[in-house]
Amino acid sequence: MEAIVRNASNLNTEALLLFSALALVTVSKLIDESRFQHFILLFFSDKYLKLYSKDQNLTLSAFNILLFLAQILCYGLLISYTIYFFNIQVDKNLLLIFTFLGIFILFKFYTEKIIATVFNITGLAEQLHFEKLSYRNLTALFLLPLVTLLIFSPLNKKIILFTTIILFVFLNFIGLLLTLKNHQKLIANKFIYFILYLCALEIAPYLIMAKLLVFK
């Protein structure tokens with residue numbers, strides 16, 4: 001599989017988007033440096049979750065919103081390059097990719113909130129959203145340097161791309177395991193409901209997205 005040559009104008013756009021992602025991360029650190037220091041150690045310590053899981057706006061704080069926007073930029077660029085590299089026959093417009101990604105994540109988020117309200121588990125759902133958002137934001141932060149190399153480095157693109165994808169899958173898997181560990185007692189008591197939740201709201205949306213993008 002050979003990488004497809006990118007236009008210089010596209011690289012200028014991607015450079016601006018990468019700079020914007022770094023700026024968002026920088027601003028989030030400036031807003032609360034102590035919180036940011038705990039945040040970047042999230043995969044090694046649950047101190048961040050213990051300190052900030054009691055906030056009123058768990059997922060809608062300025063800190064989380066800034067990192068979420070950086071996550072969208074990082075993942076959008078990664079998806080864009082993956083589409084070009086594998087020559088997947090979909091619209092390659094960056095704005096469309098970012099829009100689709102944002103709508104997909106927000107639709108999934110609010111669907112979970114509606115279901116949580118129906119089953120009267122809003123508190124638990126908010127905590128799960130906060131943990132998942134935190135792990136995914138940190139995953140995006142770790143992937144930003146690799147995405148930068150992927151777009152601008154003269155190094156072997158195939159190696160960088162597959163390294164980035166493997167790291168993305170690995171970190172998300174670790175985040176899922178840590179989330180399960182944090183709620184293992186509740187999951188053990190309601191295992192059937194957890195399996196239904198996992199299939200309906202965690203696995204199915206990604207299978208549908210893959211179907212739309214690749215197998216249409």
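Just a few scattered comments:
- Accessible area of ILE65 in the full protein assembly, 1.4 Å probe (Å², nearest 10): 70
- FRET efficiency, ILE166 to PHE43 (Cβ-Cβ, R0 22 Å, nearest 0.05): 0.90
- Rounded to the nearest 20 debye, dipole of region 43-128 from Cβ charges on Lys, Arg, Asp, Glu: 100
- In this structure, the pairs whose alpha-carbon distance is over 24 Å, taken from LYS158/LYS181; LYS50/LYS181; LYS29/LYS108; LYS54/LYS181, are LYS158/LYS181; LYS29/LYS108.
- Distance between the C-alpha centres of region 129-172 and region 91-122: 21 Å, rounded to the whole angstrom.
- Put a dot 7 Å past the Cα of SER153, heading toward its Cβ, do the same for ARG35, and the two dots end up 3.2 nm apart.
The values are calculated or read from the model by the stated rules, or taken from the named source; none is laboratory data. Since the model is a prediction, treat every value here as computed from it, not as a measurement. Please note: Cβ atoms are built from the backbone with ideal geometry, for glycine as well, and neighbour counts cover all protein chains shown. In case anyone asks, the SASA skips ligands and DNA or RNA and just uses the protein heavy atoms, side chains included. Shrake-Rupley method; radii C 1.70, N 1.55, O 1.52, S 1.80 Å.
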